[in-house]
Amino acid sequence: MSEPQRQVFVCQNCTCLSRQADEILATFETADLPDDVEIVPSGCLGQCNMGANARIVPEETWYCRLTPEDVEQIVEQHLKGGERVQEKLHPRIHMQFSL
Ligand code: FES
């Protein structure tokens, strides 16, 4: 097994916990992850109003308003497939504007 190169920080602070962050963490931890990915429970990521939140480093992808049901798509499409899940990106951090 290779050393983890990417870390997924899953917020476990109070606001995110009130929005199923514990289930989100558990779903990530039991997913079939690529060898280079490590799941890390984290403290507050400073984006409580958008929770539940997760931050992927070093690439700096921020996902918000997550539910446990979003995890499979993030694992398959992003962590395995290399393509961010656009609809779950944090809109201010990723500056998504709709015209
Ligand atoms: S409680 Fe999760 S970002 Fe603050």
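Find me the longest stretch of the chain that has none of the exposed GluC sites (Glu not before Pro), where exposed means in a DSSP loop (not H, G, I, E or B) with at most 16 other Cβ atoms within 10 Å. Could you put the intermediate results ahead of the total?
Values: sites that count: GLU59, GLU60, GLU83.
That would be 1-58.
When only C-alpha pairs under 8 Å and at least 6 residues apart count, what is the relative contact order of the stretch 6-93, in percent? It would help to have the intermediate numbers written out before the result.
Details: 147 pairs, mean separation 29.1, N = 88.
Contact order relative to length: 33 percent.
If you take every residue apart from GLN73 with its C-beta less than 10 Å away from the C-beta of GLN73, what net charge results, scoring Lys and Arg +1 and Asp and Glu -1?
Details: positive: LYS88; negative: GLU69, ASP70, GLU72, GLU76, GLU87.
Surrounding charge for GLN73 is -4.
Once you compute Rg and the Kirkwood Rh from C-alpha atoms, what is the Rg to Rh ratio for the chain? Walk me through the numbers on the way to the answer.
Values: Rg = 12.6 Å, Rh = 13.4 Å.
That ratio is 0.94, to two decimals.
Based on other C-beta atoms within 10 Å, arrange ILE24, ILE93 from fewest to most. Numbers along the way, then the final one.
Details: ILE24 28, ILE93 16.
In increasing order of surrounding Cβ atoms, one gets ILE93, ILE24.
Among residues other than GLU87 whose Cβ falls under 11 Å from its Cβ, what is the net charge (Lys/Arg +1, Asp/Glu -1)?
On the way: positive: ARG65, ARG84, LYS88; negative: ASP70.
Around GLU87, the surrounding residues sum to +2.
Below 10 angstrom from the Cβ of GLY51, what's the summed charge of the other residues (Lys, Arg +1; Asp, Glu -1)?
Residues close to GLY51 contribute a combined charge of +2.
Nearest 20 debye, what's the magnitude of the dipole of the stretch 6-93 about its Cα centre given +1 on Lys and Arg Cβ and -1 on Asp and Glu Cβ? Don't skip to the answer; put the middle values down first.
Working: 8 positive and 15 negative charges, 101 e Å.
Roughly 480 debye for the stretch 6-93.
Just so you know, all these numbers are worked out from the coordinates, no wet-lab data involved. Keep in mind that this is a model prediction, so the values were computed, not measured. With ideal geometry, Cβ positions are generated from the backbone for all residues, glycine too; neighbour counts draw on all protein chains shown.
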